[in-house]
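S.K.: Just dropping this structure here.
Please treat every number below as a calculation from the coordinates, not as lab data. Just so it is clear, the structure is predicted and the values come from calculations on it, not from any experiment. So basically every Cβ, Gly included, is an ideal-geometry build from the backbone, and we count neighbours across all protein chains shown.
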Amino acid sequence: MTQVQQTLTVADEPLSAVLQELLGTLIAVLLSSSMSAVHATATEVFTEAATADVEIAGMVIAVGLLGAGTMFRVRSDRAAATIFGALGFAFAVVVLAVAVHSNGWLTRSDAPVAAWFVDHRTRALDELALAVTTAGGPAETAALGLVVAVLLVWRTKRYGPALVMLATVGSASMLCTIVKLIVGRERPPQSIQLMLETDFSFPSGHVTGTAALSLMLALIAGIHRSRGVRALFLGIALAVTVAVACTRMYLGVHWLTDVLAGALLAACAVTLGSYVLHRLDSGGDATDATPPRLLMNRISL
């Protein structure tokens, strides 16, 4: 009997040691997994926070450049106002492009806005959106621009404004295509598209072309008009741009950041085009014909 108990005791000791070893290994694995999960979570949180900080800082810089452009415009320094204004719009487009490429903080509203438009679809709005987006298509915008250019030349007997308008719209569209190829953003899912679009999404070509053309037309039509009339033309151009942007999101073929980038890109091109229009309208007087000095010498605050 004593020999049997000794045998069981000897047999129990290895079993207990094995169980303790397994328990220790299990605890180590759990701790290791927990630490890995905590590390991964912390890394993700800090990365997103850093991305958000960078994007916010970029937008602050863009707003600062636009503010400087407005200040120079108030001081009647059109050259500096144009430089800072164009840089501000261009910098905002770059910040959006970086956010889109890295799926950053600025893109978080894309999916909720797209879902909101999908939830508010009706048959009547479907037809209206298709009509508006078709009228604002690249081919239709180019055709309308050519017709308006011919009418401008026929009525004013001047080629300058018409050429500036065409060059502004054409350069905005060309830049839009280049940015599309660089960023390479995919379209929203085809399951929410009311019309099939398969090329790259960022930025919106419809919004870029429509905004550039409508804003240039507003500027040309407002030459030598009162401030109220110019504001009315500008308001109409902005309303047309917003309408096309909303239809693109309503149809499920663009994200919110796509249409915002398209509008900003058009604003950059129009800022440069408006300065050329001003030079043409001023007749190249002595003030405007003087070569601009170095930018640092122009900033005399």
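S.K.: Which FRET efficiency, nearest 0.05, do ILE192 and THR70 yield, Cβ-Cβ r, R0 35 Å?
M.R.: 0.35
S.K.: Further question: For segment 143-266, what is the relative contact order in percent, using Cα pairs closer than 8 Å and at least 6 residues apart in sequence?
M.R.: After rounding, I find 30 percent.
S.K.: Tell me the label-point distance for the pair LEU163, ALA142, using the 7 Å Cα-to-Cβ offset, in nm and rounded to one decimal.
M.R.: Placing both labels 7 Å beyond Cα along the Cβ direction yields 2.1 nm.
S.K.: Pop out the Kirkwood hydrodynamic radius of segment 46-158 from its pairwise C-alpha distances, inverse of mean 1/r, in Å to one decimal.
M.R.: Across segment 46-158, the inverse of the average 1/r is 18.0 Å.
S.K.: Follow-up. Using each residue's phi in segment 222-227, evaluate 6.51 cos²θ - 1.76 cosθ + 1.60 at θ = phi - 60° and report the 3J(HN,Hα) Karplus result to the nearest Hz, with x for Gly and Pro.
M.R.: With coefficients 6.51, -1.76 and 1.60, one gets x, 4, 6, 9, 5, 5 Hz.
S.K.: Report the gain in length on full extension from VAL63 to VAL150: 0.36 nm times residue separation, minus Cα-Cα distance, nm rounded to one decimal.
M.R.: 27.6 nm
S.K.: Rounded to the nearest Å, what's the spacing between the alpha carbon centres of segment 233-285 and segment 129-146? Just the number, please.
M.R.: 14
S.K.: Moving on. For segment 119-222, which trypsin sites (Lys or Arg not before Pro) are in a loop by DSSP, counting at most 16 other Cβ atoms within 10 Å?
M.R.: Within segment 119-222, the qualifying trypsin sites (Lys or Arg not before Pro) (loop, at most 16 other Cβ atoms within 10 Å) are ARG121, LYS157, ARG158.
S.K.: A follow-up question, please. Karplus couplings for segment 188-200 from phi (6.51 cos²θ - 1.76 cosθ + 1.60, θ = phi - 60°), rounded to Hz, Gly and Pro as x?
M.R.: Computed from phi, the couplings for segment 188-200 are x, x, 5, 5, 10, 7, 8, 9, 6, 10, 10, 7, 5 Hz.
S.K.: Additional query: Just to confirm the filter: which chymotrypsin sites (Phe, Trp or Tyr not before Pro) across segment 142-225 are DSSP coil and have at most 13 other Cβ within 10 angstrom of their Cβ?
M.R.: Here the sparse-neighbourhood loop sites are TYR159.
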